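Note sheet for the following structure.
The values are calculated or read from the model by the stated rules, or taken from the named source; none is laboratory data. Here the structure is a predicted model, which is why all the values come from computation and not from measurement. All Cβ positions, glycine included, derive from the backbone under ideal geometry; neighbour counts span all protein chains shown.
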Amino acid sequence: MCLAGNFRNQIECGGGALMRAASNGTSRRILCVFPSYTSSFGTFEHSYPLTDGVRAFMPPQGLLLLAAYLPREWQVKFVDENLRRATKEEFEWAEAVFVSGMHIQRQQMNDICRRAHEFDLPVALGGPSVSACPDYYPSFDYLHVGELGDATNQLIEILSHDTSRPEAQVVLTTSDRVPMTEFPIPAYELADVKKYFLGSIQYSSGCPYQCEFCDIPGLYGRNPRIKSPEQIIAELDRLRECGMTDTVYFVDDNFIGNRKAAMDLLPHLIEWQKRTGYVVRLACEATLNIAKRPEILEKMREAYFITIFCGIETPDPDALKAMQKDHNMMVPILEGVRTINSYGMEVVSGIIMGLDTDKANTAEALLGFVEESRIPLLTINLLQALPKTPLWDRLEREGRLIHDDGRDSNVDFLLPYDDVVASWKHAMAVAYAPEKVYARYQHQCDSVYVHRMKMPVPDEMKTWPNIRRGLVMLRNIFWKVGVLGDYRRVFWKFALGRIRRGDLEGLIGCTLIAHHLITFARHASSGKQNASNYSIRLREAAVPAE
């Protein structure tokens, strides 16, 4: 049981009262259901069988924030269908169902709506997908377009008086957002955080840049809104109280979107780490030009950030200029990666294929970049045009949007479609060959992780439950990869080196990710995975049959 189980009744954090929706005194029963993800680079589901009970990637911020915002008198249950399906009994208990998700979860969201309607329940949908494309979701009773704000209060007011399904769909659009400084702590106590690969936390919303393919500025604005450092510390404390002892990921669109705010937060994170014994490691997303900010990188190192996701997108300067990502050229890309590495932080990167600037040799150039950068994890995707982006608008003007669910991309590439997909499959097969993946992780262990702060093992990590957890993962790894795996020789070459150095933590961490990457890439190169995280092709397989 989470120690924070009774915290939904508290509204104090960091000395200030946090926002909670008003109520007319009516009690309601709300079932919040988060849809499952289709398999992708970022779901890591192939790693889970090697762990001690991990079943999903990260707790969803949106629904847990909403659950904490609802009136105190309302009862809330939360189900993440990446962990398990919502049950008949839970639908029977509920008076209304709330759903949230991204474009990649579209089929699964519609499936939840269908199941809820079988119990004649009103279903409200919010989140980034419906905010960008309300017309994608004609079956839902209520559409919540935009962030937490007056539309949320309108929805609560409606349901306070009547939980019957409306005769026609009701669209509620936020015009007055709740300031992030008044956000309540997400209801982490409703989520079984120990079953997640990572914890999640949000400090800011929005990004000052306007990359052609990105929908973040269109959805959340170019002037990042932020929480207070005190809120973040309270949220980290709550995650720890709920059992999170691994890595916590800042889901901000760009951690340095407001550099002053980032610098204001980092000293608080450093003090929190000192107070709690550096049990939790931190990760985030940031633009590559963070490499030009040594003062930020040094503070991040002290705060125990271990990973930064940088949207490199392409090593081709002409392509970066075309996609309006000139800020990636403020420092040579390889130099930027090495600078970040020198502070002990591993770089994870996004790569896009199918750009207008791509040539016949783009895949080989990309593979050369992978070798030279030694980045272990690059999410290689085909270009997909998202609504509310400059890319969508341009391709629509050019007549190059293709609405065909059987394709891996909705873009009419300048190169032949089959050639682009074949190049993607080739890049996946070569970049994620076992010997290539483990060579890159060997470099990380030898040349990157060694720059991290040397910390004594916290007492909390010496407890029997944590030791047992590590032993279970080692047993699973040694058996499923070291004995049954068809790349076991490559694995043992890496593993024995880690064992000789006493680095069991590095052995476990690298092997978990490597196994997912190798397995996912094999599925991808054989056509069993989408070539884009946003492609609808194959997504129906993620909706289980009744």
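Among the residues of segment 361-410, the ones that are under 19 Å from Ala524 (Cβ atoms), hydrophobic (A, V, I, L, M, F, W, C) and in contact with a His (Cβ under 8 Å, 6 or more places away or on another chain) come to 1 in all.
Among residues of segment 422-447 being surrounded by fewer than 20 Cβ atoms within 10 Å (Cβ to Cβ) and small (Gly, Ala, Ser), the one that is farthest from Ser526 (Cα to Cα) is Ser447. Can you name the residue in segment 468-484 that is under 27 Å from the mean Cα position of the chain (by Cα) and farther than 13 Å from Leu504 by Cβ and, of all such residues, is surrounded by the fewest Cβ atoms within 10 Å (Cβ to Cβ)? Step by step, filter segment 468-484, then rank; the result is Lys480.
Under the condition of being under 17 Å from Leu517 (Cβ atoms), among the β-branched types (Val, Ile, Thr) and in a helix (DSSP H, G or I), the residues counted in segment 439-490 number 2. If you go through segment 187-220 and keep only what is closer than 25 Å to Leu50 by Cα, part of a helix (DSSP H, G or I) and among the aromatic types (Phe, Trp, Tyr), you end up with just Tyr188. Are any of the residues in segment 339-356 without any contact (Cβ under 8 Å) to a residue 60 or more places away in the chain and assigned to a loop (DSSP other than H, G, I, E, B)? Looking through segment 339-356, at least one residue is without any contact (Cβ under 8 Å) to a residue 60 or more places away in the chain and assigned to a loop (DSSP other than H, G, I, E, B).
When residues in segment 461-499 are screened for being under 29 Å from Ile340 (Cα atoms) and charged (D, E, K, R), 2 of them pass.
The number of residues in segment 287-322 that are under 23 Å from the mean Cα position of the chain (by Cα) and over 18 Å from Gly199 (Cβ atoms) comes to 13. Scanning segment 255-289 for residues being surrounded by fewer than 22 Cβ atoms within 10 Å (Cβ to Cβ), in contact (Cβ under 8 Å) with a residue 40 or more places away in the chain and within 13 Å of Pro224 (Cβ to Cβ) gives a total of 2. Restricting to segment 28-44, give me the number of residues that are modelled with pLDDT under 95 and either in a loop (DSSP other than H, G, I, E, B) or under 19 Å from Gly243 (Cβ atoms) (or both). Total meeting the criteria: 5.
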